[in-house]
Amino acid sequence: MQRANAAFRDFAIDQCCARLEQTGLRRHAKGSGSLFAPINDAFQYWVGLNSGLYLTRVSLTPHFGVHVPQLDELVAEIRKSSEPKRKYDKRIATYTRAHTQLIKSPPQLDFAPAEDIEDSLERLVNLSTQVGLPFARSIASYEALLPLLRERVSMLGGYPERVACCLALMGQAEKALDFLREFAATDSHGKRFAVFIEAFADRVSSRNLADPVSAI
């Protein structure tokens, strides 16, 4: 029995990324487990490969979703007021779901030393092209993305900020401010949003919000 180790895990991820790149995806950087491809002018298809290292195998859980540069850049810009060290990171998804959440009977994606990994690579490609990409395309608009972001506001992690900025980019800045104030008043973590709300209000009030896409 041959044991798996960190070097084999890195090898497996490299092989997965190489195979996904053949379908048109681009790896963010060497060693990165995330890839992207444009869907439209504003949205990118995003794939992330989460791995678990076990005694004899590496188990992969791919996440599929979207990255929205305009949205996450706006969030990062406004958050500078309260979190100056946080910067926009194009490698982080705006919204994703694990493949286990997208299909009823997800296939195993296991890689073991001294075993043929071709079947697992092929399953990953099929998941990306037949499950992940259609899902990403289905949410590749601000109108489709907004309710999904709203579902996760209690998770924090940038979701309340994304909801507000998504509304602003849809031309609904006042509704965004109302949402932020209501969230801050009712959520136990709301106090930390005081600076963000002030910076958000300054940012949106300094721009013409007539156009819902290029408003900010």
- Item | Mean Cβ count within 10 Å, highest first, over the residues of peptides 44-50, 74-80, 24-30, 146-152 | 44-50, 74-80, 146-152, 24-30
- Message: I'd like the Kirkwood hydrodynamic radius of the chain, using the inverse of the mean 1/r over distinct C-alpha pairs, in Å.
- Response: 18.7 Å
- Note on the structure: Here the gain from full extension of D41 to E115, 0.36 nm per residue of separation minus their alpha-carbon distance, amounts to 22.5 nm
- Query: K30: which lysines have alpha carbons under 30 Å from its alpha carbon, excluding same-chain residues fewer than 8 sequence positions away?
  - Reply: K80, K85, K87, K90
- Message: Compute the angle between helix 6-21 and the longest alpha-carbon principal axis of the chain, please, reported from 0 to 90 degrees and rounded to the nearest 10.
- Response: 70 degrees
- Message: For the chain, take the longest principal axis of its alpha carbons; what is the angle in degrees between that and the long axis of helix 194-205, to the nearest 10 within 0 to 90?
- Response: 70 degrees
- Query: Extension gain L55-T23, at 0.36 nm per residue separation less the Cα-Cα distance, in nm?
  - Reply: 8.4 nm
- Item | 12 Å beta-carbon shell around P107, net charge (K/R +1, D/E -1) | -1
- Within the set of other residues whose C-beta is less than 11 Å from the C-beta of E21, count the net charge using Lys and Arg as +1 and Asp and Glu as -1. +2
- Determine, for each peptide in 177-183, 93-99, the mean count of other beta carbons within 10 angstrom over its residues, then list the peptides with the highest first. 93-99, 177-183
- Find the all-direction average of the projected area of the Cα convex hull for region 93-135, expressing the result in square nanometres with one decimal place. 3.6 nm²
- Query: How much length is gained on full extension from K87 to A144, taking 0.36 nm per residue of separation minus their Cα-Cα distance?
  - Reply: 17.9 nm
- What nm value, rounded to one decimal, do you get for the distance between E122 and E182 when each label is placed 7 Å out toward the C-beta? 5.1 nm
- Item | Over the chain, relative contact order from alpha-carbon pairs under 8 Å, at least 6 apart, % | 18 percent
- Item | Sequence-separation-based contact order of region 142-205, relative, with Cα cut under 8 Å and 6+ spacing, percent | 22 percent
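Bear in mind that the values in this text are calculations on the coordinates, not laboratory data. Keep in mind it's a predicted model, so treat the numbers as computed, not measured. Don't worry about glycine lacking a Cβ; one is built from the backbone with ideal geometry, like all the others, and counts go over all protein chains shown.
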